[in-house]
1. For region A:318-338, give me the residue count where each residue is open to solvent by less than 50 Å² (accessible area, probe 1.4 Å), modelled with pLDDT under 90 and of a type in the set (D, E, K, R).
2. If you scan region B:299-312, which residues turn out to be hydrophobic (A, V, I, L, M, F, W, C) and open to solvent by 50 Å² or more (accessible area, probe 1.4 Å)?
3. Hey, among the residues in region B:270-293 that are open to solvent by 20 Å² or more (accessible area, probe 1.4 Å) and more than 17 Å from the chain's Cα centre (by Cα), which one's nearest to the other protein chains (Cβ to nearest Cβ)?
4. Does A:E326 satisfy being without any contact (Cβ under 8 Å) to a residue 60 or more places away in the chain, part of a helix (DSSP H, G or I), under 30 Å from A:K116 (Cα atoms) and within 38 Å of the chain's Cα centre (by Cα)?
5. Can you tell me which condition B:M65 does not meet? The list is (1) surrounded by 24 or more Cβ atoms within 10 Å (Cβ to Cβ); (2) over 22 Å from B:G4 (Cα atoms), and all the others hold.
6. Suppose we filter B:A315, B:A241, B:A296 for residues that are open to solvent by less than 20 Å² (accessible area, probe 1.4 Å), in contact (Cβ under 8 Å) with a residue 24 or more places away in the chain and either in a helix (DSSP H, G or I) or within 14 Å of another protein chain (Cβ to nearest Cβ) (or both); which single one remains?
7. If the requirement is being buried (at least 24 other Cβ atoms within 10 Å of the Cβ) and under 15 Å from A:V313 (Cα atoms), which of these qualifies: A:L183, A:L212, A:L176?
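The values are calculated or read from the model by the stated rules, or taken from the named source; none is laboratory data. Keep in mind that this is a model prediction, so the values were computed, not measured. When we count neighbours, we look across all protein chains shown, and the Cβ atoms used for this are built from the backbone with ideal geometry, even at glycine. Remember, those area values only see protein heavy atoms, side chains included, never the ligands or the DNA or RNA. Shrake-Rupley method; radii C 1.70, N 1.55, O 1.52, S 1.80 Å.
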Number of protein chains: 2
Amino acid sequence: MWRGVWAEWGRFLPRTEKTPELTLYEGGTPLLPAPRLAEWVGGGVRLYLKFEGQNPTGSFKDRGMVVAVAKALEAGARHLVCASTGNTSASAAAYAAAAGIRASVLIPAGKIARGKLAQAARYGARILAVRGNFDQALAVARQLAESRPELALVNSVNPMRLEGQKTAAFEVVEQLGEAPDVLALPVGNAGNITAYWMGFLEYRRAGLSRKLPRLFGFQAEGAAPLVLGHPVERPETVATAIRIGRPASGEKALAAARDSGGAILAVSDAEILEAYAAVARLSGLFAEPASAAPVAGLRRLAAEGRLEAGQRVVAVLTGNGLKDPETALGGDLVERSVESVEAEPRAVAERLLAGSGVA
Amino acid sequence: MWRGVWAEWGRFLPRTEKTPELTLYEGGTPLLPAPRLAEWVGGGVRLYLKFEGQNPTGSFKDRGMVVAVAKALEAGARHLVCASTGNTSASAAAYAAAAGIRASVLIPAGKIARGKLAQAARYGARILAVRGNFDQALAVARQLAESRPELALVNSVNPMRLEGQKTAAFEVVEQLGEAPDVLALPVGNAGNITAYWMGFLEYRRAGLSRKLPRLFGFQAEGAAPLVLGHPVERPETVATAIRIGRPASGEKALAAARDSGGAILAVSDAEILEAYAAVARLSGLFAEPASAAPVAGLRRLAAEGRLEAGQRVVAVLTGNGLKDPETALGGDLVERSVESVEAEPRAVAERLLAGSGVA
């Protein structure tokens, strides 16, 4: 059974004799063939979903966090700090709980999204609402971590995060037997596309694969600084996990996309929501809205004739759909799905079989 | 990497040449040593958490559902039916989506818990609100499935469910190298404790283990028919996944507990909520309230001197904490966790380090 990122991929990680054992059994996530969703995407591609929502805290962040936290412990840290309102804070808090150290999450004061912070709070993190914007919160966290060895900054500026995240590329190669032709993923802070590229390059350098995939990153139109070429002051999108106007790793992300022969593109919220619904109904995996961006993007690429039939295409579903209950309930989804009927077999049978191809 | 319940455990399952391949990569869930939570439990035990929340739909139900659905497909079914308002409906809907067939969920009319049904609706299930109580909804589903071969009933009365669920016992033995001394789990419909007992017996019979664990099942005091010895008309508990007054597998569950030298006991909602908070803070795994019942129960057993120091004890965390956002937000958890501070390093530092052992 899977033993976690350090135990499985340690030979590719900066492990020393002093690196403590730490795991919540992150990584080792499924790569699901999704033929019905592939039809929806179009272009005749063979589509696979890398379901990172199955990580311990429900997102890909755990891969990088376990590496960052173990290295921080090795360096003597006893208190994790991050500026985050989303998946990063949950992951940092979970590994702090696992390691028995503290975690503090800095957020900009004034717009506290309770739902997004509940997970970090459950793992016991302390939350500091800083009277300033996100960049100021991050700047303060950075300064503090530099001056106090007991504090470790685990934002994505911590290079250990990408080291851990690159392991997902290794897994994709192992699961397919070779690198795919195309890999598509959401782009927010832009670290993950860089990490995948590092991973595919490193695995090939080690002689464990021969191909390199084209990487396509998808931003939401309302939060697309890398597509627009400038920061977005007020990013807006239903895909909250990629609602970022000033990505930390933008240059590297653009380079990864370009060097691989891919691109960073934008999709609309309407396309994201359509793909969000299609993924669950046509694959059986439920992912958060940001994870639908690459599926929406692939559909657009297929419509534009930019994918080839028979190509092996991987879409990375970065987070679990249960992380975003508000969008899950999506207006009146449940109400629209419910039909009332008498407690009588014939009545229920009629309703059940109505409009189906099975009666 | 893990290949799912059929591929990994098929030799213990009713597989024929005609059984279709079906998987969302369920099973293979972590067994996490939890030394800090063990201290909280007391009694000097060595505590391990079997985290079933890491299954594809976030609960242990996926193990049994993948077996039930594959066998239903083999028998020609093209439409799954279940009476359920919770984790079973989500799991049935997900495997229907994976297999490309339909799923209909029957619920008693009048008390539609939107949050609990959203997951099934996302996977594309149809929801029928039957004008009657749960038992009537189940009776109708049963009658229909008996008379129409294209319909398959996947409630826990379907014996294939337990076949799949027993595989968790195999994994615990593999992960520990031997069966544990004690295994504790929540008891609602009471199928899972029966399935674990089947699994431990079968694995020993196959010569793959030598010991058998004592099994302790925990109900919530407001929904404890097996402890009271009679059905509960209006079951009530915060642990909604075990809010069941008339369990389907009660007799077998009592027999499993008795034969193993264990028992089925009840814990209060207050104890459940205390354990719910402790699990996340002290282990880094976030589980739904029902999953906290066995941890609360073990703590009580330890306080009563009924556990021995050094014993290996497994608590099964049956569902993911993200499944129950309302309890996750728990009144004013986030508000209580948030402190405001100026965007100034010294101010943040003072606040961060206050009251800690690290300054």
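1. Count: 0.
2. B:A303, B:A309
3. B:R281
4. No; evaluated as a whole, the condition is false for this residue.
5. Unmet for B:M65, out of (1) surrounded by 24 or more Cβ atoms within 10 Å (Cβ to Cβ); (2) over 22 Å from B:G4 (Cα atoms): (2).
6. B:A296
7. From the options A:L183, A:L212, A:L176, the qualifying one is A:L183.
Quick grid of which residues meet (1) in contact with a Lys or Arg (Cβ under 6 Å, 6 or more places away or on another chain); (2) touching a residue at least 40 places away in the same chain (Cβ under 8 Å); (3) within 12 Å of chain A (Cβ to nearest Cβ); (4) aliphatic (A, V, I, L, M):
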{"site": "B:G43", "(1), (2), (3), (4)": "no, yes, no, no"}
{"site": "B:P56", "(1), (2), (3), (4)": "no, no, yes, no"}
{"site": "B:V66", "(1), (2), (3), (4)": "no, yes, yes, yes"}
{"site": "B:V69", "(1), (2), (3), (4)": "no, yes, yes, yes"}
{"site": "B:A75", "(1), (2), (3), (4)": "no, yes, no, yes"}
{"site": "B:A93", "(1), (2), (3), (4)": "no, no, yes, yes"}
{"site": "B:A98", "(1), (2), (3), (4)": "no, yes, yes, yes"}
{"site": "B:R114", "(1), (2), (3), (4)": "no, no, yes, no"}
